[in-house]
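The values are calculated or read from the model by the stated rules, or taken from the named source; none is laboratory data. The shown structure was predicted, so the numbers you read here are calculated from the model rather than taken from an experiment. With ideal geometry, Cβ positions are generated from the backbone for all residues, glycine too; neighbour counts draw on all protein chains shown.
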Amino acid sequence: MSASGPLEPSTVLGVSGPVGPDEPSAEGSISRLIVTGGASLEGKVRVGGAKNSALKLVAASLLAEGHYRLCNVPRITDVELMSEVLRATGCSVRWEETESTPELVIDVPARIEPVAPYELVEQFRASIVILGPLLARCGEARVALPGGDDFGPRPIDMHVRGLGELGARFEMVHGYIHATAPALVGSKILLEFPSVGATENILMASVLAGGVTVIDNAAREPEIADLCELLNKMGANIIGAGSATLTIEGVAELHSADHTVIPDRIETATYLAAVGVTGGEIIIEGARHDHMAVLCQKLGEMGMRISPDADGLWALAPSRLRSADCPTLPYPGLATDFMPFLVALLATADGVGIVTENLFAGRFRYIDELRRMGADIHTDTHHAVVRGVERLSGAQVKAHDIRAGAALVVAGLGAEGATIVSDAEHVARGYEDLAGKLSGLGADVAAE
């Protein structure tokens, strides 16, 4: 089928269903997290590099031959999986110890294989972003339909349609997306929704396309700006990073570059939620207030005090927060990845809060787990009404995805007794030593 015309049927390029088995992370696999509540949090914790940026930066290295050194990359399962995807194309990927932190070193050969195998791609959603770089570099790509967290269908039609407007053509062959594009040509592309993944794929394809590409209604997330920064270091010509309009003047070739990954705002939100549940005072080193200003404002409305600190973010929380209404929106609004943490906060807050999930229809699965802990939550389509209770009680619960698992840990910090979070390998996909970092703040969390 041609991507420049209608996609028949559109659901063919949708993605849903459960996550495939996870590979062990760089620190080893975990199966469950045991949380004993009751302690307030105090002290400092350092936030790692952003998972949602690092994965795309690794993929971007496919655009040019050479030696890359990426700093502040989190040692998590998803990064290991993306590294394996690059190795499958013929690249060398390894960790190197430095005086400060380990660095991810990538060597990209002059010739790469434009194939991403099913056994890797099925395990994480971000793998689809290698489609654009492979098309731009090789003129073709064979990428299996991606898997990832199980919270509803997330179609990739916008990825395909946007790349099609650059001249790519697509067909489905034995479960793989087979894309061809002997010569990509710049175009004006209007996204019907500011999809992060579609923006990234189109952006990485367009840097080597002939002429000028304009992406309107582009995603504005900090991770997009981070990707633009690396691409410009590589010789791309991108204007408008951080805005809804990206203008890309294609270049004939790119070169390798070094880069430092921005801090992870979702991990930062996890620690803010943790101190919000337990009460206390913490400093999150390396965190950036400007990447999550709306969340900080919402937490302030709930009774927390948060401000930029010389080292990152300072946060002070009372013993119990107030309820508030929380809708998810594209950046700079409340990110959908923040929502599980906010629901965990509302579960013990004073009053009633209404949560509206506007982005992913199936993202309320973790609410049943919170109910097992005594939370009073009622759902109706994409709304959840949360009536705060004074205290949750520890229970055996299950992590359905990365952020839901972390939110259950957060809820357990404020619960009476022990909370056992099973299927914790999901958490390892997005967090480097979450148990250790929370324990450093005085929490009682153990990984097994």
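When the range 382-427 is filtered for residues that are more than 20 Å from F338 (Cβ to Cβ) and part of a loop (DSSP other than H, G, I, E, B), the ones remaining, listed by number, are V389, E390, R391, G394, A395, G417, D423, A424. Restricting G139, G152 to those that are modelled with pLDDT under 95 and at positive phi reduces the list to G152.
Of the residues making up the range 288-315, those that are loosely packed, with under 15 Cβ neighbours inside 10 Å and closer than 22 Å to L346 by Cβ are A293, V294, Q297, G300, E301, R305.
Apart from one condition, V19 fits all of (1) among the β-branched types (V, I, T); (2) modelled with pLDDT under 95; (3) surrounded by fewer than 19 Cβ atoms within 10 Å (Cβ to Cβ); the exception is (3).
Could we say that P327 is assigned by TED's automatic domain parsing to the domain that holds L441, without any contact (Cβ under 8 Å) to a residue 40 or more places away in the chain and more than 25 Å from the chain's Cα centre (by Cα) here?
no
Note on the range 55-146: enclosed helices (runs of 4 or more DSSP H) holding 2 or more residues that are closer than 22 Å to L231 by Cα are 77-89, 131-138.
Scanning the range 319-366 for residues that are modelled with pLDDT under 95, in contact with a strand residue (DSSP E or B) (Cβ under 8 Å, 6 or more places away or on another chain) and part of a helix (DSSP H, G or I) yields a single hit, T336.
Yes/no matrix, rows are residues, columns are (1) farther than 20 Å from G430 by Cβ; (2) surrounded by fewer than 20 Cβ atoms within 10 Å (Cβ to Cβ); (3) outside the structural domain of T348 (by TED's automatic domain parsing):
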position	(1), (2), (3)
S206	yes, no, yes
A244	yes, yes, yes
A273	no, no, no
G286	no, yes, no
